[in-house]
Every structure is written in structure tokens, then in C-alpha cells.
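Taking it in order: structure first as C-alpha cells, then the write-up.
The values are calculated or read from the model by the stated rules, or taken from the named source; none is laboratory data. Just so you know, these numbers come straight off a predicted model, no measurement behind them. Because the Cβ atoms are built from the backbone with ideal geometry, glycine has one as well, and the counts that use them run over all protein chains shown.
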Amino acid sequence: MAKKPKTIKMISKRFKTTKSGKVLKRKAGQNHLNAKECGKVTRQKRNDVNLGTASAKNIKKLLK
């Protein structure tokens, strides 16, 4: 019987899947040097990004 592949922990910490199957990731550049950003950019960084279908398929495979 084939073993279930191990979950890659790096991927599980950076991505999450929604109930409908979409893969979300955090926007880059949120840690520091944000004081010089305008308010619009700061607000936009709070939202998660939906990945495209091709990369989402690969991420889901690594999360199993």
C-alpha cells in the first residue's frame, strides 16, 4: 500500500486553503519599512492574495 506523502511544512505555514478550494497567501513586504508607504498601500497589504489555478494546483499537492 502506498504511503501518503508528507506535508511540506514550509508550504503549510505560508499558504492556506479555503473551504471552496482556493489557495490564499499573505502579501509580501508587511514586516518593516511600512512608515514610508501611503495609507492605500498599507491597507492593501492587509488582504490575502488569491493564487492562480496553475500554482494553486501545485500548492494543494504539497499540502496533502
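Count of region 27-64 residues, restricted to those that are in contact (Cβ under 8 Å) with a residue 24 or more places away in the chain, out of contact with any helix residue (DSSP H, G or I) (no Cβ under 7 Å at 6 or more places or on another chain) and either farther than 30 Å from THR7 by Cβ or assigned to a helix (DSSP H, G or I) (or both), is 3.
When VAL23 is tested against (1) modelled with pLDDT of 90 or more; (2) more than 15 Å from the chain's Cα centre (by Cα), just one condition goes unmet, and that condition is (2). Mind listing whichever residues of region 38-54 are modelled with pLDDT of 90 or more and among the polar types (S, T, N, Q)? Once the filter is applied, which keeps residues that are modelled with pLDDT of 90 or more and among the polar types (S, T, N, Q), region 38-54 yields THR42, GLN44, ASN47, ASN50.
Between ALA35, ALA2, the distinction of being loosely packed, with under 12 Cβ neighbours inside 10 Å and modelled with pLDDT under 90 belongs to ALA2 only. Look at region 1-26: where a residue is within 12 Å of ASP48 (Cα to Cα) and a partner is among the acidic types (Asp, Glu) and part of a loop (DSSP other than H, G, I, E, B), sitting 6+ places away or on another chain with Cβ atoms under 9 Å, you get LYS16/ASP48; LEU24/ASP48; LYS25/ASP48; ARG26/ASP48.
Taking region 26-44 as the range and being among the small types (Gly, Ala, Ser) and within 28 Å of ALA56 (Cα to Cα) as the test, the residues that pass are ALA28, GLY29.
So THR18 passes all but one of these: (1) within 21 Å of LYS6 (Cα to Cα); (2) hydroxyl-bearing (Ser, Thr, Tyr); (3) modelled with pLDDT under 90. Which condition number does it fail? Every condition holds for THR18 apart from (3). Among the residues of region 5-30, those that are among the hydroxyl-bearing types (Ser, Thr, Tyr) and loosely packed, with under 11 Cβ neighbours inside 10 Å comprise THR18, SER20.
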